[in-house]
Amino acid sequence: MKAIIFAAGRGERMRPLTDTCPKPLLQVRGRPLIVWHILNLVRAGIKEIVINHAHLGQMIEDALGDGSQFGARITYSPEGTALETAGGIAQARHLLGDQPFLAIAGDVYCPHFDFSAAKGVLEENDVWGKPHGKETRDLGWLYLVKNPAHHPEGDFALESYAISNEGLPRYTFSGIGVYRPEMFDTVTPGSSAKLAPILREFANQRRIGGEIYRGDWTDVGTVERLEQLNAPLNYKN
């Protein structure tokens with residue numbers, strides 16, 4: 001399995017820090033955010049990693065190189081202007097291959113996520129969430145988390161491992177998912193496209209599965225959240 005880490009965002013809410021440093025390189029508890037992901041991926045045996053970038057992208061390449069320092073093999077998908085998540089996938093699709101791939105937001109902190117659980121997850125759970133009498137297969141698998149204080153309304157409901165746009169309780173999408181490449185057939189490489197509308201469309205067709213992740217997870221979207229993570233009393237490895 002290959003993985004893509006999204007690192008193209010400008011990080012407006014993290015300014016002024018992101019004026020001179022791309023958000024995925026901001027330090028959290030002693031190492032850059034993106035390095036936490038890379039190390040956990042390698043630990044899970046996922047060593048083929050694609051990273052897209054736009055804002056200050058050369059700094060990311062200079063810091064991470066070809067990935068050999070982490071035991072990984074990193075390739076880059078540069079974007080002149082950030083293309084949003086689905087657009088970034090479409091642009092990098094030739095690097096991701098024809099098999100399901102893991103996609104990870106570069107600005108979330110989840111130091112203990114076991115990415116090995118994502119390998120084969122679509123095949124293992126392909127019976128869930130399908131309309132009766134139709135031969136379909138799940139196109140994606142989302143990891144959801146308990147709603148954080150800054151996002152109390154959540155994104156999706158979960159019904160017998162099927163992602164739903166309706167229903168209660170609701171959970172927040174963690175930014176971590178597994179997708180089949182054909183999910184993005186309608187997105188032209190080089191165009192800007194958001195991921196949420198695609199997920200909602202296929203959720204309506206009951207072709208997106210998912211589960212709850214209950215480990216440590218933080219959306220490092222503001223300077224305040226970064227400072228809270230790095231506060232001495234909260235510093236735990």
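The values are calculated or read from the model by the stated rules, or taken from the named source; none is laboratory data. Only a predicted model underlies this, so the values are computations on that prediction, with no experimental measurement involved. Please note: Cβ atoms are built from the backbone with ideal geometry, for glycine as well, and neighbour counts cover all protein chains shown.
Go through the stretch 8-35 and count every residue that is of a type outside the set (K, R) and closer than 21 Å to I89 by Cβ. I'd like the intermediate steps shown before the answer.
Initial filter on the stretch 8-35 (of a type outside the set (K, R)): 8-9, 11-12, 14, 16-22, 24-28, 30, 32-35.
Then keep just the ones that are closer than 21 Å to I89 by Cβ; that gives 8-9, 11, 22, 24, 33-34.
Residues in the stretch 8-35 being of a type outside the set (K, R) and closer than 21 Å to I89 by Cβ: 7 in total.
Go through the stretch 160-188 and report how many residues are exposed (fewer than 14 other Cβ atoms within 10 Å of the Cβ) and over 18 Å from the mean Cα position of the chain (by Cα).
The first filter runs over the stretch 160-188 and keeps only residues exposed (fewer than 14 other Cβ atoms within 10 Å of the Cβ), leaving 160, 166-169, 182, 185-186, 188.
Checking the rest, the ones that are also over 18 Å from the mean Cα position of the chain (by Cα) come to 160, 166-169, 185-186, 188.
Qualifying residue count for the region: 8.
In contact with a Lys or Arg (Cβ under 7 Å, 6 or more places away or on another chain), small (G, A, S) and in a loop (DSSP other than H, G, I, E, B): does that describe G221? Before you say what the answer is, go through the steps one by one.
Values: in contact with a Lys or Arg (Cβ under 7 Å, 6 or more places away or on another chain): yes; small (G, A, S): yes; in a loop (DSSP other than H, G, I, E, B): yes.
When the stated conditions are applied, G221 passes them.
Would you be able to say whether some residue in the stretch 10-32 is closer than 23 Å to P181 by Cα and out of contact with any Asp or Glu (no Cβ under 7 Å at 6 or more places or on another chain)? Steps first, please.
Quick first cut of the stretch 10-32, residues closer than 23 Å to P181 by Cα only: none.
No, every residue in the stretch 10-32 fails to be closer than 23 Å to P181 by Cα and out of contact with any Asp or Glu (no Cβ under 7 Å at 6 or more places or on another chain).
Evaluate the stretch 32-53: report whether one residue or more is assigned to a loop (DSSP other than H, G, I, E, B), under 16 Å from the mean Cα position of the chain (by Cα) and modelled with pLDDT under 95.
No, that holds for no residue.
Of these, D138, D126, which one is surrounded by 18 or more Cβ atoms within 10 Å (Cβ to Cβ), in contact with an Asp or Glu (Cβ under 8 Å, 6 or more places away or on another chain), modelled with pLDDT under 90 and within 17 Å of L102 (Cα to Cα)?
Working: D126 fails: surrounded by 18 or more Cβ atoms within 10 Å (Cβ to Cβ).
Sole residue among the options that is surrounded by 18 or more Cβ atoms within 10 Å (Cβ to Cβ), in contact with an Asp or Glu (Cβ under 8 Å, 6 or more places away or on another chain), modelled with pLDDT under 90 and within 17 Å of L102 (Cα to Cα): D138.
Output yes when any residue across the stretch 64-75 is among the charged types (D, E, K, R) and without any contact (Cβ under 8 Å) to a residue 40 or more places away in the chain, and no when none is.
Taking every residue of the stretch 64-75 in turn, at least one turns out to be among the charged types (D, E, K, R) and without any contact (Cβ under 8 Å) to a residue 40 or more places away in the chain.
Taking R200 as meeting all but one of (1) part of a helix (DSSP H, G or I); (2) charged (D, E, K, R); (3) loosely packed, with under 12 Cβ neighbours inside 10 Å, write down the number of the exception.
Every condition holds for R200 apart from (3).
Please go through the stretch 56-67 and pick out each residue that is in a loop (DSSP other than H, G, I, E, B) and either more than 19 Å from the chain's Cα centre (by Cα) or buried (at least 20 other Cβ atoms within 10 Å of the Cβ) (or both). Can you show your working first?
First pass over the stretch 56-67, keeping only residues in a loop (DSSP other than H, G, I, E, B): 56, 65-67.
Passing the criteria: L56, G65, D66.
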